[in-house]
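Visitor: Questions regarding the structure given below will be posed in turn.
The values are calculated or read from the model by the stated rules, or taken from the named source; none is laboratory data. Just so it is clear, the structure is predicted and the values come from calculations on it, not from any experiment. Cβ: placed from backbone, ideal geometry, glycine included. Neighbour counts: every protein chain shown. When the accessible area is computed, the model is the full protein with side chains, heavy atoms only, and any ligands, DNA or RNA have been set aside. Shrake-Rupley method; radii C 1.70, N 1.55, O 1.52, S 1.80 Å.
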Amino acid sequence: MARFVLRRLITLAVTLLIASLAIFILLEIVPGDPAAAQLGTQATAETLAALRAEMGLDRPAPIRYLAWLGGALTGDFGLSLTYDVPVSQLVAARGVVSLPLAVMAIVLSTAIAIPLGVIAAAHHNRAADRGVMIFSQVGVAIPNFWVGILLILVFSVQLGWFSAGGFPGWGNGIGPAFMALLLPAVALALPQAAILARVTRSSVLDMMDEDFVRTARAKGLTRRTTLRRHVLRNALIPVVTIMGMQFSFLVAGAILVENVFTLPGLGRLLFQALAQRDLIVIKDVVLLFAALVIVVNFVVDLLYGVLDPRLRGARS
C-alpha cells in the first residue's frame, strides 16, 4: 500500500507542476502583454510601463514563473490589481462559501443517487426502475441555474421559507449560513444526482451478472443480502470516479448558481476577475481549481485501492 501511495504522490506532484506551467504560459506568455490586456487599447505608455513594473513583467519569464510557483507554495499569491488586497485573502474569504456549498451538494447528491440507483437495479424493468430513469432524464436535461431559479420562485417568493439570495457569513451563526446555502446546494445536487443515479444503476446491473453473484445466490443468500454484501462494494468503483469529478465541478463550476443566489464564492470571484481583467486573480484561482481537481483525483485513486486491493498492483 505504501508503494502505491508513493507512486500516486509522485504523479500528483508532476501533474501539479505541468498544470501550473500550462496556466502560466497561457495567461502570461501567449496573450503577449498581460499589462496591455489588463488596461485595454486606450492606456498610455507611462501607465503600461507602471503596470508592467507592478506585475513584475520586466523580469524574464522563467524567473516570474519560479517566483509565482514559490509564492503559491508558501500561500503568497500576490496582490489583486482590482481589489488591492492579497489574493490569498480573497480566496480564503470566498472559499468558506464555496467549499461548504460543494460538500453539502455532494452529500445531497450521493444520498439521493445511490439508493435510487440500487433500487432501480434491484427492480430492473419495473415501475421503480422506470421512475428513476425518468428522474435521471429530467435531471440531466435541466441546467442547475434553472433549478435554482425555480427553487427561488417556490421556496423564497411563494412560501417565504428561505432568503432569495446572499450569504450572512458564518460569524452570524451556523443556522442562518446553512439556510442560505441549502437552496443553492439542492440546485447543484439534483442534476448531479440524476447522473450519479444512472451510473449506480448501470454499475449494479453489471455486477449482478457476475459469476460470484450467481454463486452467492446459489449458496442460498437472499437477493437483498447479496446486493449488500457482494454487489454494492464492487459497483462503487465507477460511482466513486463520478463523485470525484462531480466534487471538482461543484467547486469550480458553480459560477452560474453562485450568481443566481448572489453568493460570494470562488466561482463568482473568478467571474468578477474575468470581467475586470484582473489577471493575477484569474491565474491564481485557475491554479487553485486545477490543484483541487488533481488532489480529488488523487483521493479517488486511493479509494480505488481501498475498494479493490487488486488495483493497487495493477494501477501501480
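Visitor: Mind jotting down the three principal axis lengths of region 184-287 based on Cα atoms? Whole angstrom, largest first.
Guide: 66, 25, 15
Visitor: Applying 1/(1 + (r/R0)^6) with R0 = 22 Å to the Cβ-Cβ distance of Asp206 and Leu307, what FRET efficiency is obtained, to the nearest 0.05?
Guide: FRET efficiency, Asp206 to Leu307: 0.90.
Visitor: Follow-up question, since we're still on this one. Quick one: 3J(HN,Hα) in Hz for region 125-142, Karplus 6.51/-1.76/1.60 with θ = phi - 60°, rounded, Gly and Pro as x.
Guide: 6, 10, 4, 4, 5, 5, x, 5, 5, 5, 4, 5, 4, 5, x, 6, 6, 8
Visitor: Would you calculate the convex hull of the Cα atoms in region 70-206 and tell me its volume per residue in Å³? The partial results should precede the final answer.
Guide: Working: hull volume 22.0 nm³, N = 137.
In region 70-206, the Cα convex hull volume per residue is 160 Å³.
Visitor: Computed over the Cα atoms of region 160-226, what is the convex hull's projected area averaged over all directions, in nm²? Before the final figure, lay out the partial values.
Guide: On the way: hull surface 30.1 nm².
The orientation-averaged projected area of the Cα hull of region 160-226 comes to 7.5 nm².
Visitor: Which percent of the accessible heavy-atom area of the chain goes to carbon and sulfur, probe 1.4 angstrom? Spell out each step's value before the answer.
Guide: Working: 10950 of 16120 Å².
That share works out to 68 percent.
Visitor: With every protein chain present, what is the per residue accessible area of region 90-247 (1.4 Å probe, Å²)? Write down the numbers at each step before the final one.
Guide: Values: 7970 Å² over 158 residues.
Each residue of region 90-247 exposes 50 Å² on average to a 1.4 Å probe.
Visitor: Which far-off residues, 5 or more places away or on another chain, put their amide H under 5 Å from the one on Leu81, with H placed in the peptide plane?
Guide: Under 5 Å from the amide H of Leu81: Ile280, Val281.
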